[in-house]
């Protein structure tokens with residue numbers, strides 16, 4: 001199954017939000033992250049996979065361990081919840097501009 | 001691409017400021033808000049058709065708009081009363097979405113001439129409370145999450161059937 005992941009889906013889950021908060025300060029291994037949750041290790045692995053797929057987490061191999069860290073560039077896209085609101089108005093006003101330009105030339 | 005529209009929403013305040021510069025003379029920008037035919041045109045999008053049920057662009061006038069989807073279902077209906085209307089300069093009006101828990105908001109539209117061919121819209125929106133403002137701000141964000149969920153359900157649903 002190959003679902004296209006997006007950031008909204010990623011942050012809609014409370015466990016995944018908690019993982020993002022955990023790795024925000026320093027990079028951690030999957031084991032260290034899982035130790036913070038009561039849920040089963042494979043469940044945490046699945047969450048890590050989703051967060052990595054949508055590029056909210058970056059992986060770095062150090063020796064035998066993989067460290068997860070926050071991809072702050074991608075986080076910026078979602079950190080600001082106003083952005084979709086702004087986009088909505090921007091689309092609307094682009095349409096207004098387009099409609100009025102046509103109206104002007106018609107006259 | 002940078003968006004032309006700016007939204008200023010300070011933490012803990014119950015208002016917001018939306019500003020946008022247009023490549024249009026201020027008279028045309030103003031007309032887009034008071035002419036029902038034009039309002040219907042720019043409020044419509046590929047997913048929804050806007051209809052002006054009532055638009056009395058005058059002091060103490062009122063307005064009501066609705067949007068329908070491709071199947072003809074009403075997806076939005078809202079309106080309010082016009083408190084003040086100064087052609088080419090200012091519209092003060094209330095706005096409320098029918099059946100939504102947001103309550104009424106006060107909207108002050110300031111129309112500003114920049115050059116003969118360009119103009120700026122300053123939209124000041126005042127809500128009853130900080131919580132109400134934040135709920136409205138988060139709506140498109142929540143819709144984004146819902147759309148992602150619906151997409152997943154559609155994909156999973158179609159896989160189940162096959």
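Coordinate-derived values only; no laboratory data. None of these values were measured; they are calculated from a predicted model. With ideal geometry, Cβ positions are generated from the backbone for all residues, glycine too; neighbour counts draw on all protein chains shown.
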* Structure fact -> note: the protein assembly as shown, Cα-Cα separations exceeding 24 Å make up a percent value of 60 percent
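Looking only at other chains, what is the average number of their beta-carbon atoms within 10 angstrom of each beta-carbon in B:2-8?
Working: counts 1, 8, 5, 10, 3, 9, 1.
Counting other chains' Cβ atoms within 10 Å and averaging over B:2-8 gives 5.
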* Cα shape, chain A, gyration tensor, a/c 1.5 rule -> prolate
* Asked: Which order do A:73, B:112, B:84 fall in if you start with the one that has the fewest other Cβ atoms within 10 Å?
  -> A:73, B:84, B:112
* To do: Quick one: compute the contact order of region B:24-70, relative version, from alpha carbon pairs under 8 angstrom and 6+ residues apart, as a percent.
  => 28 percent
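Neighbour counts of other C-beta atoms within 10 Å: give me B:89, B:53 arranged from fewest to most. Intermediate values should be presented prior to the final figure.
On the way: B:89 14, B:53 11.
Ascending Cβ contact count within 10 Å gives the list B:53, B:89.
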* **Computed [θ] at 222 nm, deg cm²/dmol, the protein assembly as shown (DSSP H ≥ 4; -39,500 (n - 2.57); rounded to nearest 500)** => -14000 deg cm²/dmol
* Asked: Using the Cα gyration tensor of chain B, with a ≥ b ≥ c the square roots of its eigenvalues, what is the shape: rounded (a/c below 1.5), prolate (a/b larger than b/c) or oblate (neither)?
  -> prolate
* **Label-to-label distance, nm, for residues given as residue B:23 and residue B:3 (7 Å Cα→Cβ offset)** => 2.0 nm
* To do: Please report how far the C-alpha centroid of region B:1-74 lies from that of region B:77-108, rounded to the nearest whole angstrom.
  => 11 Å
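Ordered by packing density, taken as the mean number of other Cβ atoms within 10 Å over each peptide's residues, highest first, how do B:55-63, A:87-95 rank?
Values: B:55-63: 15.2, A:87-95: 16.9.
Descending packing order for the listed peptides: A:87-95, B:55-63.
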* Mean Cα-pair separation over length for chain B, i.e. relative contact order, pairs under 8 Å, 6 or more apart, % -> 21 percent
* **Three semi-axes of the equivalent ellipsoid, region B:22-83, Cα gyration tensor, whole Å, largest first** => 22, 17, 7
* **Per-residue Cβ neighbour rank within 10 angstrom, fewest leading, B:133, A:86** => A:86, B:133
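If contacts are Cα pairs under 8 angstrom and at least 6 residues apart, what is the relative contact order of region A:18-107 in percent?
25 percent
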